[in-house]
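Below is one structure, written out as structure tokens, with a few remarks after it.
The values are calculated or read from the model by the stated rules, or taken from the named source; none is laboratory data. Computed from a prediction, not measured in an experiment: that's the story for all the values here. Backbone-built Cβ (ideal geometry, glycine too); neighbour counts: all protein chains shown. The protein model used for the area step is the full one, side chains on, heavy atoms only, and it has no ligands, DNA or RNA in it. Shrake-Rupley method; radii C 1.70, N 1.55, O 1.52, S 1.80 Å.
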Amino acid sequence: MKLIVLFAFVAVAAAAPQNQPLVKILSQSFDQDDQGSYQYAYELDNGQRADEAGQSIPGPEPETGSIDVQGSYAFLADDGNTYSVSYRANEGGYQPEADFLPVAPAQIPEYAQLRQEHPELFWAETQ
């Protein structure tokens with residue numbers, strides 16, 4: 001039994017991450033008001049940084065509503081480049097913006113023609 005316990009400790013020690021660099025916090029802040037709006041920011045010495053501000057938007061009834069968030073983050077990738085993303089998140093969903101993100105293609109002409117010739121196929125868009 002003692003041998004099994006010894007092997008278990010050795011296995012746990014061997015599986016632990018080795019030589020992980022320590023990351024230091026260069027700056028951090030957080031603020032929140034009584035209405036539920038907030039803002040935070042941080043920067044680490046490995047090039048990672050983030051900031052975000054959120055505003056609570058009350059709904060028509062108690063315990064309802066939404067939140068409107070704007071922010072950005074940046075990180076140093078394995079290829080040595082720093083990538084930055086700005087975003088907004090609200091009832092319309094998460095909307096990131098960055099030069100390296102793919103862009104949806106423009107509407108193809110055949111689709112526009114199909115829309116004109118057969119509007120009944122697009123009934124869901126009018127509701």
Exercise. Quick check, is Ser66 in contact with a Gly (Cβ under 9 Å, 6 or more places away or on another chain) and either open to solvent by 70 Å² or more (accessible area, probe 1.4 Å) or at pLDDT below 95 (or both)?
Worked result: yes
Exercise. Which of the residues that make up region 104-114 are of a type outside the set (S, T, N, Q), open to solvent by less than 100 Å² (accessible area, probe 1.4 Å) and modelled with pLDDT of 85 or more?
Worked result: Leu114
Problem set entry | Selection within region 82-103 - part of a loop (DSSP other than H, G, I, E, B) and either open to solvent by less than 80 Å² (accessible area, probe 1.4 Å) or modelled with pLDDT of 95 or more (or both) | Gly92, Ala98, Leu101
Exercise. Do we find a residue being out of contact with any Lys or Arg (no Cβ under 8 Å at 6 or more places or on another chain), hydrophobic (A, V, I, L, M, F, W, C) and open to solvent by 80 Å² or more (accessible area, probe 1.4 Å) anywhere in region 29-49?
Worked result: yes
Exercise. Quick one: is Val12 hydrophobic (A, V, I, L, M, F, W, C), open to solvent by 60 Å² or more (accessible area, probe 1.4 Å) and either more than 30 Å from Val103 (Cβ to Cβ) or outside any helix (DSSP H, G or I) (or both)?
Worked result: yes
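Conditions (1) of a type in the set (Ser, Thr, Tyr); (2) at pLDDT below 95; (3) part of a loop (DSSP other than H, G, I, E, B); (4) closer than 24 Å to Pro96 by Cβ, marked per residue:
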position: Phe30; (1), (2), (3), (4): no, no, no, yes
position: Asp34; (1), (2), (3), (4): no, yes, yes, no
position: Tyr40; (1), (2), (3), (4): yes, no, no, yes
position: Glu43; (1), (2), (3), (4): no, no, no, yes
position: Asn46; (1), (2), (3), (4): no, yes, yes, yes
position: Asp51; (1), (2), (3), (4): no, no, no, yes
position: Ser56; (1), (2), (3), (4): yes, yes, no, yes
position: Pro60; (1), (2), (3), (4): no, yes, yes, no
position: Gln70; (1), (2), (3), (4): no, no, no, yes
Exercise. Quick one: would you say Tyr73 is within 30 Å of Gly47 (Cβ to Cβ), in contact with a strand residue (DSSP E or B) (Cβ under 8 Å, 6 or more places away or on another chain) and surrounded by 10 or more Cβ atoms within 10 Å (Cβ to Cβ)?
Worked result: yes
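Restricting to region 17-48, give me the number of residues that are hydroxyl-bearing (Ser, Thr, Tyr), within 30 Å of Gly59 (Cβ to Cβ) and under 18 Å from the mean Cα position of the chain (by Cα).
2
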